[in-house]
1. Would you mind getting the Kirkwood hydrodynamic radius of segment 129-185 from its Cα pairs, rounded to one decimal in Å?
2. Which value, in nm² and rounded to one decimal, describes the direction-averaged projected area of the C-alpha convex hull of segment 82-123?
3. Do any chymotrypsin sites (Phe, Trp or Tyr not before Pro) in segment 101-190 lie in a loop, going by DSSP, with at most 16 other beta-carbon atoms within 10 Å of their beta carbon, and if so which?
4. In debye, nearest 20, what is the charge dipole magnitude of the chain about its Cα centre with +1 on Lys and Arg Cβ and -1 on Asp and Glu Cβ, if you could check?
5. Please work out the ratio of the alpha-carbon Rg of segment 1-160 to 2.2 N^0.38 Å and round it to two decimals.
6. On the principal axes of its Cα set, how long, how wide and how thick is segment 96-177? Give whole Å, largest value first.
7. Place a +1 charge on the Cβ of each Lys and Arg in segment 71-182 and a -1 charge on the Cβ of each Asp and Glu, then give the dipole magnitude about the Cα centre in debye, rounded to the nearest 20.
8. Give me the number: length gained by fully extending Glu156 to Arg131, i.e. 0.36 nm times residue separation minus the C-alpha to C-alpha distance, one decimal in nm.
Amino acid sequence: MTRLAILGSGNGTNAQQITEYFAGRGDVEVCCIVYNVKDAYIAERARKLGVEARYFGRKDFYETGAALAYLREKGADWVILAGFLWLVPPAMLEAFPGRIINIHPALLPAYGGKGMYGHHVHEAVVANHERESGITIHLVDQDYDRGTTLFQARCEVAPDDTPDSLAAKIHLLEKEHFPRVIDQTIHSGR
């Protein structure tokens, strides 16, 4: 059984989709959801899904190692970032070499890096009159949004698109592709 730990900071829609995708499979399970914003709705989603969720603050990630100790305690084989907004600490990268996957709401390397997440990305894409955007699913390394790309999917940015309408298109791509690409990656022997 391959065990996935999901890290998130917000609403948790991707965490829910991933959990539901693997539910009842028998070969892969979401063993826990870790979140770093105390009132993040991801905790409520985890409760409704019957997945153990635990909050860890910045000190727990970067100083005490409590978050990493919890992932080890839960027997996580892979770490999936689903709206997790912090840089992954070096000790976690070392503990899960090549086994941390992230999704970014743009076609990296464009619109990536520190501070480029969620609505900030969509605002920049629309403001720059881009003709397309999309998602990038990638392995995580020591830099924001620089790891090896596993998959990209594109969508048109229409002249009348707003950041909100573009976000809706991106969410559809995430829903369609993120769980499937995770599945393919963990079974590819990477």
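1. Evaluated over segment 129-185, this radius sits at 12.4 Å.
2. Approximately 3.2 nm², given one-decimal rounding.
3. Listed in order of number, the matching sites amount to none.
4. Magnitude of the dipole: close to 500 debye.
5. Normalised by 2.2 N^0.38 Å, the Cα Rg of segment 1-160 equals 1.05.
6. 42, 25, 16
7. The dipole of segment 71-182 has a size of about 340 debye.
8. 8.4 nm
Taken together, the values in this text are just the output of simple stated rules run on the coordinates, not laboratory data. Keep in mind that what you see is a predicted model, and the values were worked out from it rather than measured. Positions of Cβ are backbone-derived with ideal geometry, glycine not excepted, and every protein chain shown enters the neighbour counts.
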